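The values are calculated or read from the model by the stated rules, or taken from the named source; none is laboratory data. In this text, all values refer to a predicted model and were calculated from it rather than measured experimentally. In this analysis, Cβ positions are derived from the backbone assuming ideal geometry, glycine residues included, and neighbour counts consider all displayed protein chains.
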């Protein structure tokens, strides 16, 4: 009997880092956690991009004070602040002069105009359009329940890709690939940015770099 394929278990992230999308290019089925509880100060509602003054953190404000005990499917986005306009302006400022910004911006702008009630739905739809723009089509399914310790055929990567260095887990199967960034002459090459940085800078080569990032 053939052994079961190794699945990768990940949480949904907002404009996730390059490392996250490299996992989606690894040829393995992806399992997205939909029964966890929200964890604050993670990539679930924040992302990092590179602007003229350095790394910029973009954070989606949430209702009910970002309750950590709240089921992830129930976490709602707050629109009192005009965060969509602010995020898109920041993205446009950072990447307006990137080689491929105009090529992809029309597909992404609507996500910063339409209001989604739930963070999970917003992140999931955004991930799907990004995969389409990158040109990847991994096999993706959602968890049917929460399991603290998954079965042996599932590699648990939940919370392993994290903005806080002390929580970010070493990954022997990932290597950061250098590419030309908009402000590289000013800041040097900056790793661990949102996949947006790679997409706007490298266009159709994005999928190749993601594949090369897997070791």
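Could we say that residue 206 is modelled with pLDDT of 95 or more, part of a loop (DSSP other than H, G, I, E, B) and either at negative phi or surrounded by fewer than 16 Cβ atoms within 10 Å (Cβ to Cβ) (or both) here?
Values: modelled with pLDDT of 95 or more: yes; part of a loop (DSSP other than H, G, I, E, B): no; either at negative phi or surrounded by fewer than 16 Cβ atoms within 10 Å (Cβ to Cβ) (or both): yes.
Here the answer is no, as residue 206 does not meet what is asked.
Of all residues being under 17 Å from the mean Cα position of the chain (by Cα) and in contact (Cβ under 8 Å) with a residue 40 or more places away in the chain in the range 112-128, which is nearest to residue 20 (Cα to Cα)? Just the residue, please.
127
Within the range 145-157, can you find the residues that are farther than 13 Å from residue 16 by Cβ and either touching a residue at least 24 places away in the same chain (Cβ under 8 Å) or within 17 Å of the chain's Cα centre (by Cα) (or both)? Reasoning before the result, please.
From the range 145-157, those farther than 13 Å from residue 16 by Cβ are 145-156; that's our starting set.
Passing the criteria: 145, 146, 150, 153, 154, 155, 156.
Can you find even one residue in the range 40-54 that is surrounded by fewer than 18 Cβ atoms within 10 Å (Cβ to Cβ), part of a strand (DSSP E or B) and in contact with a helix residue (DSSP H, G or I) (Cβ under 9 Å, 6 or more places away or on another chain)?
Checked against the condition, which is being surrounded by fewer than 18 Cβ atoms within 10 Å (Cβ to Cβ), part of a strand (DSSP E or B) and in contact with a helix residue (DSSP H, G or I) (Cβ under 9 Å, 6 or more places away or on another chain), the range 40-54 yields at least one hit.
Among (1) at negative phi; (2) in contact (Cβ under 8 Å) with a residue 40 or more places away in the chain, which single condition is residue 78 missing?
Residue 78 satisfies every listed condition except (2).
Need a quick list: helices (runs of 4 or more DSSP H) entirely within the range 71-143 having at least 1 residues that are touching a strand residue (DSSP E or B) at 6+ places or on another chain (Cβ under 7 Å). Please lay out each step first, then the result.
Values: elements: 83-95, 101-108, 119-134.
Of the helices (runs of 4 or more DSSP H) lying wholly inside the range 71-143, those with at least 1 residues that are touching a strand residue (DSSP E or B) at 6+ places or on another chain (Cβ under 7 Å) span 83-95, 119-134.
Counting only residues that are touching a residue at least 24 places away in the same chain (Cβ under 8 Å) and surrounded by fewer than 17 Cβ atoms within 10 Å (Cβ to Cβ), how many does the range 91-111 have?
So the answer is 5.
What number of residues within the range 63-74 are modelled with pLDDT of 95 or more and under 13 Å from residue 45 (Cβ atoms)?
Residues flagged as modelled with pLDDT of 95 or more and under 13 Å from residue 45 (Cβ atoms) within the range 63-74 amount to 1.
Going through the range 178-196 one residue at a time, which ones are surrounded by 14 or more Cβ atoms within 10 Å (Cβ to Cβ), part of a loop (DSSP other than H, G, I, E, B), in contact (Cβ under 8 Å) with a residue 60 or more places away in the chain and on the phi < 0 side of the Ramachandran plot?
181, 182, 183, 190, 193
Residue check, residue 77 against (1) surrounded by 14 or more Cβ atoms within 10 Å (Cβ to Cβ); (2) touching a helix residue (DSSP H, G or I) at 6+ places or on another chain (Cβ under 7 Å); (3) at pLDDT below 95, all met but one. Which one?
Of (1) surrounded by 14 or more Cβ atoms within 10 Å (Cβ to Cβ); (2) touching a helix residue (DSSP H, G or I) at 6+ places or on another chain (Cβ under 7 Å); (3) at pLDDT below 95, only one is false for residue 77: (3).
Restricting to the range 24-39, name every residue that is on the phi < 0 side of the Ramachandran plot and in a loop (DSSP other than H, G, I, E, B).
Narrowing the range 24-39 to residues on the phi < 0 side of the Ramachandran plot: 24-26, 28-39.
The answer is 25, 26, 28, 29, 34, 35, 36, 38, 39.
Got at least one residue in the range 4-23 being modelled with pLDDT under 95, within 20 Å of residue 174 (Cβ to Cβ) and assigned to a loop (DSSP other than H, G, I, E, B)?
yes
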